[in-house]
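Asker: Sharing a structure with you now.
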Amino acid sequence: MAVPTVKLSRGIHVMHLFYNIDRTRWKNLVDGESKLALERLQKLCEANNAPSNPRLSTFVNVGAKSDLAFIIYAAELAQASAIHHSLEQAFPAGTLEKVYSFLSVTELPEYVTTEEDMLRSIKAEGIQEGTEAFNQKLEAGKKRQAEYEHYRLYPELPDWELMAFYPMSKRRSGNDNWYMLDFEARKKLMAGHARVGRKFAGRITQLITGATGIDDWEWGVTLMAHQTDALKDIVYEMRFDEVSARYGEFGPFYVNMRLQPADIWEHLAL
């Protein structure tokens with residue numbers, strides 16, 4: 001049976017993978033097998049090195065939760081699966097031990113800015129509708145929104161030094177049930193949440209992917225940073241926002257350094 005073609009109506013599939021290396025098996029590899037594994041991984045990365053997708057990014061984990069971390073970006077589900085299996089097959093049999101995996105998709109937020117929101121915001125500035133200044137503001141807003149939506153669906157994350165990942169869900173408990181709030185209340189809360197995140201522009205680049213009905217958590221959060229304290233600062237400040245304080249539930253945090261395959265081999269003494 002042929003593998004089915006499975007695409008999203010918009011956006012791409014994203015897979016986060018974390019592995020340990022069985023050091024005993026690795027130590028007992030025959031001469032040259034480690035080098036061959038490196039070459040296979042390098043070729044796989046070179047074959048999947050598009051700005052958005054297909055793409056395979058390689059990392060080493062810091063903090064002993066795993067040894068290796070990877071992110072796969074692919075338009076087709078079968079393509080993501082094929083890269084995943086090629087990745088595992090690049091390593092000698094029995095040397096990789098899966099620690100954690102997370103499958104999700106890129107998506108637009110439910111509370112995305114609408115043209116009505118833009119009109120209301122421009123009017124609040126005291127600019128009269130129908131004037132040239134008003135129209136210029138509106139067109140600039142539409143352009144920014146279109147760019148935001150494109151890169152949210154087809155991300156091109158920078159190769160910054162650090163990548164942190166954690167899964168999260170919205171709480172559904174008693175009076176703190178996110179899904180019992182009406183749309184306008186949720187949109188208002190998320191607008192405040194987004195304002196906190198924008199304060200970290202230049203220090204943090206983030207990707208939020210959806211996993212409801214796909215994996216065990218509802219979203220995956222990927223943060224790219226130059227410095228460790230930027231990761232700590234944004235998560236700490238977000239803790240005081242009501243969206244996180246009342247309604248957020250968080251899974252394990254993985255902090256990783258972006259390294260190319262050859263640098264991984266040197267760093268981990270493989």
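Asker: Given a 1.4 angstrom probe, what's the average accessible area per residue across the chain, in square angstrom?
Answerer: Numbers: 14690 Å² over 270 residues.
The answer is 54 Å² per residue.
Asker: Name the residue, out of M168, M118, M238, whose mean-square fluctuation peaks in a Gaussian network model built on the chain with Cα pairs under 10 Å.
Answerer: M118
Asker: Now for a separate question. Would you mind telling me which residue in R152, R239, R144 has the biggest mean-square fluctuation in a Gaussian network model of the chain, where springs connect alpha carbons within a distance under 10 angstrom?
Answerer: Checking each option, the largest mean-square fluctuation is seen for R144.
Asker: Same structure again: Please work out whether the stretch 88-197 counts as rounded, prolate or oblate from its C-alpha gyration tensor, where a ≥ b ≥ c are the square roots of the eigenvalues and a/c under 1.5 means rounded, while otherwise a/b larger than b/c means prolate and anything else oblate?
Answerer: Oblate shape, in that a/c is at least 1.5 and b/c is the bigger or equal ratio.
Asker: My understanding is that a pair violates if its Cα-Cα distance is over 25 Å; which of K35/K232; K65/K232; K137/K170; K142/K188 do that in this structure?
Answerer: Exceeds cut-off: K35/K232; K137/K170.
Asker: Measure nothing but the geometry: give the 0 to 90° angle between the long axis through the Cα atoms of 115-124 and the longest principal axis through the Cα atoms of the chain, rounded to 10°.
Answerer: On a 0 to 90 degree scale, this one is about 50.
Asker: Same structure again: Quick check: the angle from helix 183-198's long axis to the longest principal axis of the chain, C-alpha only, nearest 10 degrees?
Answerer: 60 degrees
Asker: Tell me what the chain gives for mean residue ellipticity at 222 nm when only DSSP H runs of n ≥ 4 count, each as -39,500 (n - 2.57), the sum divided by the residue total, rounded to 500 deg cm²/dmol.
Answerer: Theoretical 222 nm ellipticity from helices: -12500 deg cm²/dmol.
Asker: Kindly list the residues of the stretch 216-236 that lie in the label zone of E161, defined by a backbone N under 17 Å from the point 7 Å along the Cα-to-C-beta vector.
Answerer: It comes to 223-234, nothing else.
Asker: While we're here: Pull out a ≥ b ≥ c, the square roots of the eigenvalues of the alpha-carbon gyration tensor of the stretch 146-270, then state rounded if a/c is under 1.5, prolate if not and a/b is larger than b/c, and oblate in the remaining case.
Answerer: Prolate shape, in that a/c is at least 1.5 and a/b is the bigger ratio.
Asker: Along the charge dipole of the stretch 1-101, which of V99, Y73, H84 sits closest to the positive end, that is, farthest toward it, with unit charges on the beta carbon of Lys, Arg, Asp and Glu (+1, +1, -1, -1)?
Answerer: Y73
Asker: Could you check the simple spin-label distance between E39 and L153, using points 7 Å along Cα→Cβ, in nm with one decimal?
Answerer: 4.2 nm
Asker: Just check the stretch 201-270 against the gyration tensor rule for me: Cα atoms, a ≥ b ≥ c as the square roots of the eigenvalues, rounded for a/c under 1.5, and otherwise prolate or oblate depending on whether a/b exceeds b/c.
Answerer: Taking the square roots of the gyration eigenvalues as a ≥ b ≥ c, the stretch 201-270 is oblate.
Asker: Return the ratio Rg/(2.2 N^0.38 Å) for the chain, where Rg is computed over Cα atoms only.
Answerer: 1.15
Asker: Calculate the FRET efficiency for R144 and H267 from the Cβ-Cβ distance with a Förster distance of 41 Å, rounded to the nearest 0.05.
Answerer: Step by step, r from the Cβ atoms, then E = 0.55.
Asker: What whole-number volume per residue, in cubic angstrom, does the convex hull of the C-alpha atoms of the stretch 23-147 give? Before the final figure, lay out each step's value.
Answerer: Working: hull volume 20.1 nm³, N = 125.
It is 161 Å³ per residue.
Asker: Further question: From the residues G202, M238, F253, which one has its Cα farthest along the dipole of the stretch 202-270 in the positive direction, the dipole being from +1 and -1 charges on Cβ of Lys/Arg and Asp/Glu about the Cα centre?
Answerer: The listed residue farthest towards the positive side: G202.
Asker: Continuing with this model, one more query. Give the carbon-plus-sulfur fraction of the accessible surface of the chain in %, rounded to a whole number; probe 1.4 Å, heavy atoms of protein chains only.
Answerer: The nonpolar share, carbon plus sulfur, comes to 51 percent.
Asker: Tell me, in nm to one decimal, what length is gained between E125 and E88 on full extension, where the rule is 0.36 nm per residue of separation less the Cα-Cα distance?
Answerer: The span from E125 to E88 would gain 7.8 nm if fully extended.
Asker: Let me ask something else about it. For a quick protection proxy, order the peptides 178-186, 69-77 by their average other-Cβ count within 10 Å, most packed first. Please list the in-between numbers first.
Answerer: Working: 178-186: 11.8, 69-77: 22.1.
Top to bottom by mean Cβ count within 10 Å: 69-77, 178-186.
Asker: Rank Q227, Q136, Q79 by mean-square fluctuation in a GNM of the chain with C-alpha springs under 10 angstrom and give only the top-ranked residue.
Answerer: Among Q227, Q136, Q79, the largest GNM mean-square fluctuation belongs to Q136.
Asker: A follow-up question, please. Hey, which aspartates and glutamates would be in cross-link range of K199, C-alpha to C-alpha under 18 Å, not counting anything within fewer than 8 residues on its own chain?
Answerer: Within the straight-line cut-off, K199 pairs with D229, D233, E237, D241, E242.
Asker: While we're on this one: With everything on Cα atoms, drop me the angle between helix 33-47 and the longest principal axis of the chain, reported from 0 to 90° to the nearest 10.
Answerer: The angle comes out at about 30 degrees.
Asker: Also, I was wondering about something else. State, to one decimal in nm, how far the label point of E97 lies from the label point of E184, with both points 7 Å from Cα in the Cβ direction.
Answerer: Calculated label separation equals 5.5 nm.
The values are calculated or read from the model by the stated rules, or taken from the named source; none is laboratory data. Please read all numbers here as calculations on a predicted model, not as lab measurements. Cβ coordinates were reconstructed from backbone atoms using ideal geometry, including for glycine residues, and neighbour counts include every protein chain displayed. Accessible surface areas use protein heavy atoms only, side chains included; no ligands, DNA or RNA. Shrake-Rupley method; radii C 1.70, N 1.55, O 1.52, S 1.80 Å.
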